[in-house]
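Below you'll find the structure, written out as structure tokens, and then a few comments.
The values are calculated or read from the model by the stated rules, or taken from the named source; none is laboratory data. These figures come from a predicted structure and were not determined experimentally. In this analysis, Cβ positions are derived from the backbone assuming ideal geometry, glycine residues included, and neighbour counts consider all displayed protein chains. Surface accessibility is based on the protein's heavy atoms, side chains included, excluding ligands, DNA and RNA. Shrake-Rupley method; radii C 1.70, N 1.55, O 1.52, S 1.80 Å.
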Amino acid sequence: MATVDDDLTPRPSLPGDLDVDVAIVGAGYTGLWTAYYLAGADPTLRIVVLEAEIAGYGASGRNGGWCSAFLPLSVAELARRHGRPAALAMHHALVSTVDEVGRAAAAEGIDCHFAKGGTLTLARNGAQLARLRSEVDAMASFGLGDDSVLLDAAAARARCGASEVLGAVYSPHCAALHPARLVRGLAHAVQRRGVRIFERTPATAIAPRMVQTGQSTVRADVVVRATEGYTPRLPGLRRAVAPVYSLMIATPPLPPSFWDRAGLAHRETFMDGRRVIIYGQRTADDRLAFGGRGAPYHFSSRIRPSFDRDPRVFAALRRSLVELFPDQADLLTIDRAWGGPLGIPRDWHPSVGLDRARGLAWAGGYVGDGVATTNLAGRTLADLIRGVESDLTRLPWVGHRSRRWEPEPLRWLGANAMLRLAALADAQEARGRGKR
Ligand SMILES: Cc1cc2nc3c(=O)[nH]c(=O)nc-3n(C[C@H](O)[C@H](O)[C@H](O)COP(=O)(O)OP(=O)(O)OC[C@H]3O[C@@H](n4cnc5c(N)ncnc54)[C@H](O)[C@@H]3O)c2cc1C
């Protein structure tokens, strides 16, 4: 947000009761892409977006900027649940979505630093390499060998000069972008299409064809819930998704001497094969923006601004970054640090849908893969709401419903135990290569 070049003064709040065609709750990528494509397809629709804070306040303004064709479920897992053709259709839709984000941003003059350099998953111990090999084999068995290419150690290091690299998987389907520039620019683009955005307007309840705010009521033919990690705050939705925090750090701009050795010449995004996910990008102004999950799940799905900043997690992130680039550790200071909640459904399966009879639509549950997926969700919701049957509305995530999370304290115990186990397994694998 410090580098968006936008006036962050909140837009006016909802002034009173309204009757509209579509009311969207949440001005992140999901809500704004939905408004964007709906208004583009039918400029006569009366569309409003209600946002509790300001546009981009949530994960959309704070993420790692990986605009990728990844989902939290592998293609093999999607095929197991929905069949091979549906899994392939979903994968191809996401691949083209990466380009659609770049196209739409360019068309709207949104300078979000979009650079499609692909993405690298580094193997830095034998166990990671074995896992990556089997993922590549699985992709090849779906005829997707070009989407997931195994690089040997030399080829991997030529792209990313991190330490102890034994190999990597490269996928071309990822762009690095500046997340907050995209979401703030999108809000302006949506307004240019005639959509009204009301900020500092928290919805206190969503009901069929109705949104309640503190003072007012918005009646709409369709209400879209686009609240992702914040969803549990709404009445009746406490167990819909678990808000799990991802935290990030950014270095100051790094000198050319750093990049001569670190590479990432095409701004490839990067992670390694560990289970407790880390993710990095070289920003357009030559910083390393680097994040990871690892922060605890908070009891009762609580969300608080103070959870965005956990000094222990920031320090652990810096240690991981230094481990990746140990020769230049003194350059890797923390210039900025932040975080935010993402939304995890019980079965890790994102979904988009419309209950026409009740006039309620939703999209979300992207876990940590929402930057591109939200665009696909927005286009799909635009078709669903307008009653258009299309390839998008036939994708397997349409209408999917995850079961709810367990009540507390089981949710807290389960979520944090999973995290602890994943961290232990990573440590064990790292010890296997003779280091911690
Ligand atoms: C630190 C971090 C890093 C990430 N990195 C990546 C990445 O590199 N690549 C990737 O693909 N994904 C990443 N993600 C996930 C991705 O950012 C999200 O999946 C995506 O932004 C979700 O967009 P959204 O619009 O659905 O939700 P959000 O952006 O969270 O927007 C929801 C909006 O709804 C508003 N809201 C909530 N409740 C109400 C209410 N009651 N009334 C009115 N408004 C309300 C919120 O204020 C918020 O603005 C990351 C997430 C985080 C937190």
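Results, tabulated for the structure shown:
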| quantity | calculated |
| --- | --- |
| Mean Cβ neighbour count within 10 Å, used as a protection proxy, ranking 59-70, 281-292 highest first | 59-70, 281-292 |
| Fraction of antiparallel bridges per DSSP, the chain only, in percent to nearest 5 | 65 |
| Label point distance in nm, Ala205-Asp285, each placed 7 Å from Cα along Cα→Cβ | 4.5 |
| Mean projection area, nm², convex hull over Cα of the chain | 19.5 |
| Where the Cα pairs of the stretch 104-230 fall when distances are cut into 10 Å bins, in % | 11, 24, 21, 20, 18, 7, 0 |
| Radius 13 Å from Cβ of Thr217, net charge of other residues (Lys, Arg +1; Asp, Glu -1) | 0 |
| Dipole of the stretch 41-138, positive end: most advanced residue of Ala89, Tyr57, Phe114 [Cβ charges, Cα centre] | Ala89 |
| Nearest-20 debye value, the stretch 306-371 charge dipole, Cβ charges on Lys, Arg, Asp, Glu | 340 |
| About the Cα centre, charge dipole magnitude for the stretch 88-199 (Lys/Arg +1, Asp/Glu -1 at Cβ), debye | 360 |
| Residues whose placed amide H lies under 5 Å from that of Val49, excluding near-sequence neighbours | Ile24, Arg196, Ile197, Phe198 |
| Approximate spin-label separation Ala138-Asp335, in nm, with each point projected 7 Å along Cα-to-Cβ | 3.7 |
| Cα-based shape type of the stretch 1-151, given that a ≥ b ≥ c are square roots of the gyration tensor eigenvalues and the cut on a/c is 1.5 | prolate |
| Sulfur and carbon atoms: percent of accessible area, the stretch 317-385 [1.4 Å] | 49 |
| Gaussian network model of the chain, springs between alpha carbon atoms under 10 Å - residue of Leu247, Leu395, Leu234 with greatest fluctuation | Leu234 |
| For the stretch 290-363 and the stretch 368-416, distance of Cα centres in Å | 19 |
| Principal axes of the stretch 1-59: Cα extent on each, largest first, Å | 35, 27, 18 |
| Surface share of carbon and sulfur [accessible, 1.4 angstrom probe, percent] for the stretch 1-150 | 54 |
| Label point 7 Å beyond Cα of Met418 along Cβ direction - residues of the stretch 256-280 with amide nitrogen under 15 Å | 275-277 |
| Charge dipole (debye, nearest 20) of the stretch 160-261; +1 at Cβ of Lys and Arg, -1 at Cβ of Asp and Glu | 620 |
| Most positive-pole-ward Cα, Gly414, Asn375, Pro341, against dipole of the stretch 341-436 from beta carbon charges | Gly414 |
| Relative contact order, percent, the stretch 203-278 [alpha-carbon distance under 8 Å, six or more residues apart] | 16 |
| Spacing of the two label points (7 Å from each Cα toward its C-beta) at Ala265 and Ser96, in nm | 3.3 |
| The chain - accessible surface per residue (Å², probe 1.4 Å) | 41 |
| Distance histogram for the stretch 166-314 (every C-alpha pair counted, 10 angstrom bins, percent rounded to whole numbers) | 8, 26, 31, 23, 10, 2 |
